[in-house]
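Each value in this text was obtained by applying a stated rule to the coordinates, not by laboratory testing. Predicted model only: the values in this text are computed from it and were never measured. Cβ placement follows ideal geometry from the backbone for every residue including glycine, while neighbour counts extend to all protein chains displayed.
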Ligand code: ZN
């Protein structure tokens, strides 16, 4: 039994409108779901990804207006990294310049060219060129041409004070060590898929990060279905980890636990996904609420700041 790759990465934003504008207009992702944080329905949970926000492409945000900036550090995913087609770095570099967004080339990462920037809340993002891209659905009108488009995740960086226990856990989840470069180790569930990889860095003298705007809240991995998820839960309990019960997130089911280095991990089921409560061509346009909050819709909508967004999806799903 092994996990099937990254499901989503959830980070914290402050202003929701600025967040939506950046991920759709600058990065060209699809706004795949506008909902609330199920644990705090007075705040948004916003999802971006490919046409349907499928697992492996979904970066999501808890939007906390007025949130202070957090600090990056150990016990966190310190960079959300995406795959881009080979030869597209120059396109992105000039696109960021045009929009007055600072970006810099990284020294080559496992022989791939990469660029680093931050989102409006200071969240570090990396775009890494990849020869082999995940098969994703780009059938929507994007601000970025398809030939340069972001193709889901590519080995985001996890930072911990001691690598060994985290390394052991990754192995228990089915990851294999496939490459090492200085302090960076790359672990993979499937060497053919960029979104099935993570990088691990040990920083023994590192300070623990503080979770707030501009930091990653958690990283989720995929299990095929609910039965497999329950088997994972059992296995994690046997490893002595504190795991939550299965939680119904409406678009998928989730369990959460902290890995030994302090990073919050989630294991989520593939489906049912974001088409379950609205047609694909209108994803992101309206606030969608899970059944338990529907009766409080008026109240919830009053508390949330409006988001201006018009979906430009092609085709009908
Ligand atoms: Zn999650």
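Once you have a ≥ b ≥ c as the square roots of the Cα gyration tensor eigenvalues for the range 1-55, tell me rounded if a/c is under 1.5, and otherwise prolate or oblate according to whether a/b is larger than b/c. Each step should come with its number before you reach the end.
Values: a/c = 2.21, a/b = 1.26, b/c = 1.75.
Oblate, since a/c reaches 1.5 and b/c is not below a/b.
State the Cα centre-to-centre distance between the range 74-94 and the range 95-117 in whole Å.
7
At a Förster distance of 25 Å, what's the computed FRET efficiency of residue 172 paired with residue 204, Cβ-Cβ distance as r, to 0.05? If you can, show how the numbers build up before the last one.
Numbers: r = 23 Å, r/R0 = 0.90.
The formula returns an efficiency of 0.65 here.
Hey, what did the chain get for relative contact order, percent, Cα under 8 Å, at least 6 apart? The partial results should precede the final answer.
Numbers: 783 pairs, mean separation 79.2, N = 317.
Relative contact order comes out at 25 percent.
Relative contact order, percent, of the range 78-198 when contacts are C-alpha pairs under 8 Å separated by at least 6 residues?
On the way: 204 pairs, mean separation 35.2, N = 121.
Worked out over the range 78-198, it gives 29 percent.
Residues of the range 1-37 with the amide nitrogen closer than 20 Å to a label point 7 Å from the Cα of residue 227, along Cα-to-Cβ, please.
What the label zone holds, given the 20 Å backbone N cut-off, is 1-5.
Taking other Cβ within 10 Å of each residue's Cβ, how do 238, 270 sort, fewest first?
Working: 238 9, 270 17.
The order, fewest Cβ neighbours first, is 238, 270.
Could you tell me the center-to-center distance, by alpha carbons, between the range 135-192 and the range 259-281 in angstrom?
The two parts, judged by their Cα centres, are 17 Å apart.
Which value results when the Cα radius of gyration for the range 113-159 is divided by 2.2 N^0.38 Å?
On the way: Rg = 12.1 Å, N = 47, 2.2 N^0.38 = 9.5 Å.
Against the compact-globule rule of thumb, the ratio is 1.28.
I'd like the Kirkwood hydrodynamic radius of the range 236-316, using the inverse of the mean 1/r over distinct C-alpha pairs, in Å.
One over the average 1/r among Cα pairs gives 15.6 Å for the range 236-316.
Which three numbers, in whole Å and largest first, are the semi-axes of the equivalent ellipsoid of the range 1-124 derived from its Cα gyration tensor as √(5λ)? Mind showing how you got there, number by number?
On the way: eigenvalues 114, 66, 48 Å².
Here the semi-axes work out to 24, 18, 16 Å.
Neighbour counts of other C-beta atoms within 10 Å: give me 86, 81 arranged from fewest to most.
Ascending Cβ contact count within 10 Å gives the list 86, 81.
Is the C-alpha gyration tensor of the chain telling us rounded, prolate or oblate? Criteria: a/c under 1.5 is rounded; beyond that, a/b larger than b/c is prolate, otherwise oblate.
On the way: a/c = 1.42, a/b = 1.11, b/c = 1.28.
Judged from the Cα gyration tensor, the chain comes out rounded (a/c under 1.5).
Multiply the residue separation of residue 143 and residue 294 by 0.36 nm, subtract the distance between their alpha-carbon atoms, and state the gained length in nm to one decimal. All intermediate terms of the calculation are to be shown ahead of the outcome.
On the way: separation 151, 0.36 × 151 = 54.36 nm, distance 3.26 nm.
Gain in length upon complete extension: 51.1 nm.
What shape does the range 134-285 take by its C-alpha gyration tensor, where a ≥ b ≥ c are the square roots of the eigenvalues and a/c under 1.5 counts as rounded, a/b above b/c as prolate, and the rest as oblate?
Numbers: a/c = 1.77, a/b = 1.28, b/c = 1.38.
Because a/c hits 1.5 or more and a/b fails to exceed b/c, the range 134-285 counts as oblate.
With runs of 4+ DSSP H residues as the only contributors, calculate the mean residue ellipticity of the chain at 222 nm using -39,500 (n - 2.57) per run, divided by the residue total and rounded to the nearest 500. Don't skip to the answer; put the middle values down first.
Values: 6 runs with 50 residues, N = 317.
Per the formula, -4500 deg cm²/dmol.
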